[in-house]
Amino acid sequence: MKIQCNDIDVQIVATCLHGALQELGYGGATVATALNGEFVPKSMRAEAEVREGDRIDILAPMQGG
Amino acid sequence: MSLQLYGIELESRLLLGTSQYPSPAVLLDTIRESRTDVVTVSLRRESGTNRNGQAFWSLLREANVRVLPNTAGCYSVKEAVTTAHMAREIFDTPWIKLEVIGENDTLGPDVIGLVEAARILSEEGFEVFPYTTDDLVVAAKLVDAGCRVLMPLASPIGSAQGLNNPRALGRMRGHFPDIPLIIDAGIGLPSQAAAAMEMGYDAVLLNTAVAKAGNPISMGRAFALAIEAGHLAYEAQPLLARDMASPSTPVLGKAWLD
């Protein structure tokens with residue numbers, strides 16, 4: 001199915017957020033996630049269902065002032 | 001006496017931003033040379049392939065300093081609160097430098113949204129460091145919302161203008177004698193940081209003035225020394241300015257040789 005990951009259209013087969021992260025190359029990375037603009041804690045990713053057209057945001061530590 | 005922020009004792013009164021350095025190695029050396037205890041960090045979208053964020057996270061761990069995540073670039077309460085939740089999970093800290101930006105040219109805070117976001121986050125157990133103005137009414141509402149630190153801007157972010165309104169900053173110091181006050185944004189020179197500390201400010205948060213200096217490592221050290229000097233001067237109770245001269249050499253005993 002087609003979803004948006006960090007504003008880029010991608011195709012995945014996973015149906016949960018945890019699976020989507022694995023499939024998109026973020027396995028083991030220190031990231032925080034949001035599904036359709038709502039924060040999803042790491043402990044809830046396996047239960048967070050991803051559907052066609054959903055929007056995932058994957059954020060990581062970055063330099064800041 | 002050392003600085004205490006939300007019960008955490010810190011030796012250094014310089015909080016340092018981690019953005020815009022010429023290289024990761026320079027950032028690391030600047031952190032060490034400035035002897036800061038706290039660095040600010042952010043969250044941004046991560047690519048699944050280049051993993052820049054992971055490399056930065058490794059560098060921070062090497063630096064062995066406390067991190068203060070920010071909500072930079074957030075223009076709404078919801079965006080700032082969601083970013084704070086994500087930051088708490090990644091950085092494993094209740095500290096959040098809360099920015100709700102209200103205007104694009106000056107990057108001034110949306111103080112109405114700021115108070116609302118501060119209340120939400122404080123009720124959720126966050127320890128909020130609000131990027132605010134020198135307005136006393138807003139500051140009082142932030143304290144009422146649960147903030148135990150206030151961070152007024154000195155001038156627009158990255159402008160290097162220094163203390164645009166020292167009288168208002170002085171009033172803020174006088175009005176909140178028991179709240180740690182940190183100058184956040186607009187400092188360009190160590191002398192400006194020293195001036196804020198001489199007024200009784202508890203600390204200074206800097207980024208651009210150090211990172212964009214010709215030699216960030218030396219500038220980091222220069223700011224650390226200026227901030228320490230300013231704080232020592234404040235504690236030593238500076239002389240008040242007066243309009244007329246006052247002779248420093250004793251008049252008593254002077255020979256009249258006319």
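We did not get these values from a lab; they are worked out from the coordinates using the rules stated. Keep in mind the model is a prediction, meaning the values are calculated, not measured. Neighbour counts run over all protein chains shown; Cβ positions are idealised from the backbone, glycine included.
Averaging the sequence gap over all C-alpha pairs within less than 8 Å and six or more residues apart, then dividing by the number of residues, gives the stretch A:2-59 a relative contact order of 46 percent. Springs join every pair of Cα atoms under 10 Å in this Gaussian network model of chain B, and among B:Gly170, B:Gly125, B:Gly162 the largest mean-square fluctuation is at B:Gly125.
For B:Gln4 and A:Thr15, a Förster radius of 35 Å and the Cβ-Cβ distance give a FRET efficiency of 0.10, rounded to the nearest 0.05. Computed from backbone phi with θ = phi - 60° and the Karplus coefficients 6.51, -1.76 and 1.60, the 3J(HN,Hα) list for the stretch B:241-256 is 5, 9, 7, 10, 5, 9, x, 8, 7, x, 7, 4, x, 5, 6, 9 Hz; x is used for glycine and proline. By other beta-carbon atoms within 10 Å, ranking A:Val13, A:Val40, B:Val39 with the fewest at the front produces A:Val13, A:Val40, B:Val39.
Taking only the C-alpha atoms of the protein assembly as shown, the Rg (one decimal) and the largest Cα-Cα distance, Dmax (whole number), read 22.9, 103 Å.
Between the stretch B:45-117 and the stretch B:185-202, the alpha-carbon centres lie 24 Å apart. Of A:Cys5, A:Cys16, the sequence from fewest to most neighbouring Cβ atoms within 10 angstrom is A:Cys16, A:Cys5. Here's how it looks for A:Cys5: its modeled amide H is under 5 Å from those of A:Val10, A:Ile56, which are all 5 or more places away or on a different chain. Restricting the trypsin sites (Lys or Arg not before Pro) of the stretch B:219-256 to loop positions (DSSP other than H, G, I, E, B) with no more than 13 neighbouring Cβ atoms within 10 Å leaves B:Arg242, B:Lys254. Per-residue ellipticity at 222 nm computed for chain A from its helices equals -2500 deg cm²/dmol, with DSSP H segments shorter than 4 residues left out and the rest contributing -39,500 (n - 2.57). In this simple spin-label model, placing a label point 7 Å from the Cα along the Cα-to-Cβ direction at both B:Asp105 and B:Ala255 gives a separation of 6.8 nm.
For the stretch B:33-98, the alpha carbon positions stretch 36, 30, 18 Å along the principal axes, listed from largest to smallest.
Evaluated at q = 0.16, 0.21, 0.25 Å⁻¹, the base-10 log of the normalised Debye intensity for the stretch B:149-237, with identical point scatterers placed on the Cα atoms, takes the values -0.55, -0.94, -1.27.
Backbone phi angles across the stretch B:128-133, fed through the Karplus curve with coefficients 6.51, -1.76 and 1.60 (θ = phi - 60°), yield HN-Hα couplings of 8, 10, x, 7, 9, 9 Hz in residue order; Gly and Pro are listed as x. To the nearest ten degrees, helix B:111-123 and the longest principal axis of the Cα atoms of chain B are 70 degrees apart.
Taking the C-alpha atoms only, the angle from helix B:77-91 to the longest principal axis of chain B is near 90 degrees.
Springs between Cα atoms under 10 Å define the GNM used for chain B, and in it the highest mean-square fluctuation of B:Gly174, B:Gly186, B:Gly102 occurs at B:Gly174. Between the stretch A:1-23 and the stretch A:30-61, the alpha-carbon centres lie 10 Å apart.
Helix B:52-63 against the longest principal axis of chain B: what's the angle in degrees, Cα atoms only, rounded to the nearest 10? That works out to roughly 40 degrees. Label sites at A:Glu52 and B:Glu124, each approximated as a point 7 angstrom past Cα along Cα to Cβ, lie 3.3 nm apart. Taking every alpha-carbon pair under 8 Å whose residues sit at least 6 apart, chain B reaches a relative contact order of 19 percent.
Going from the residue with the fewest nearby Cβ atoms within 10 Å to the one with the most, A:Asp7, B:Asp202 rank A:Asp7, B:Asp202. Put simply, the C-alpha atoms of the stretch A:2-59 give a gyration tensor, and the ellipsoid matching it has half-axes of 15, 12, 11 Å, longest first.
Cα-based values for the stretch B:70-123, radius of gyration first and Dmax second, are 10.6, 33 Å.
Only helices enter the 222 nm calculation for chain B: every DSSP H run of n ≥ 4 contributes -39,500 (n - 2.57), and dividing by all residues gives -12000 deg cm²/dmol, rounded to 500.
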